[in-house]
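The values are calculated or read from the model by the stated rules, or taken from the named source; none is laboratory data. Keep in mind it's a predicted model, so treat the numbers as computed, not measured. Ideal geometry is used to build each Cβ from the backbone, glycine not excepted, and the neighbour counts take in all protein chains shown.
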Amino acid sequence: MHARKETKEYDIVWDLLKRAVPTAANLGVKIIQVSGFAESEIKTEEDMEHSARAFRYLCDAAGEYGISVAGENLMTPSEFKALSEMVDRKNFYLYFDSQNYNVFRGYNEIDILEGSFDKMCDQIHVKDGEVMSGGLLGTGPSEFHETMKWLGKHDYSGYILLENYYDVLPLRLQSENPYELLRQDIETLRKAIADN
């Protein structure tokens, strides 16, 4: 999102931005999720300014169709608040992921929820493991069960999307059938929702 003008990356980003909204509208998508990892991660004030400009454009275009925009990233609550203030659009949200903060930054997910819950969209990702998507829900350091308790206590009522990579190593080693792993996570998630 923060690619600089007169670069190949800028042309790619803005081409995608211009196609995202009509595509989402035609598909009936209600939230456009924008990932902010690797080359797209916001690391500097200049990155934030360029990203905010792109998010404003996307939010304005999406807003005409009643579509929201949500950034999935590794920002602390104060960093996301700063970005949100720069974007300054009512249809701009945080897309929370229950593992990314811990795996990539060592952050505590509950701290992220405490500081950013009011800015979250009504969809979240859940996954777990010592490495990206490396374990079933509740078996890694992402504090899945604590996250679910926190969400229940704060009346979260949005979508919870399983995002473990069941057919990819190392998680794939836990069963010959990746669908069995998916079934186990579904059961874990159902129980966590019922208990909270």
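Remarks
- Number of the condition not met by residue 33 [criteria: (1) in a helix (DSSP H, G or I); (2) surrounded by 15 or more Cβ atoms within 10 Å (Cβ to Cβ); (3) of a type in the set (S, T, N, Q)]: (1)
- Of the residues 155, 185, 97, the single one that is at pLDDT 95 or above, crowded, with 21+ Cβ neighbours inside 10 Å and over 22 Å from residue 79 (Cα atoms) is 185.
- If you go through segment 158-178 and keep only what is surrounded by fewer than 18 Cβ atoms within 10 Å (Cβ to Cβ), of a type in the set (Ser, Thr, Tyr) and either in contact with a Cys (Cβ under 8 Å, 6 or more places away or on another chain) or closer than 21 Å to residue 130 by Cα (or both), you end up with 165, 175.
- Residue list for segment 39-54, filter: part of a helix (DSSP H, G or I) and either within 10 Å of residue 21 (Cα to Cα) or under 15 Å from the mean Cα position of the chain (by Cα) (or both): 40
- Going through (1) hydrophobic (A, V, I, L, M, F, W, C); (2) assigned to a loop (DSSP other than H, G, I, E, B); (3) farther than 19 Å from residue 119 by Cβ one by one, residue 16 falls short only on (2).
- Selected residue (criterion: nearest to the chain's Cα centre (by Cα)) from residues of segment 95-124 that are closer than 22 Å to residue 165 by Cα and of a type in the set (A, V, I, L, M, F, W, C): 96
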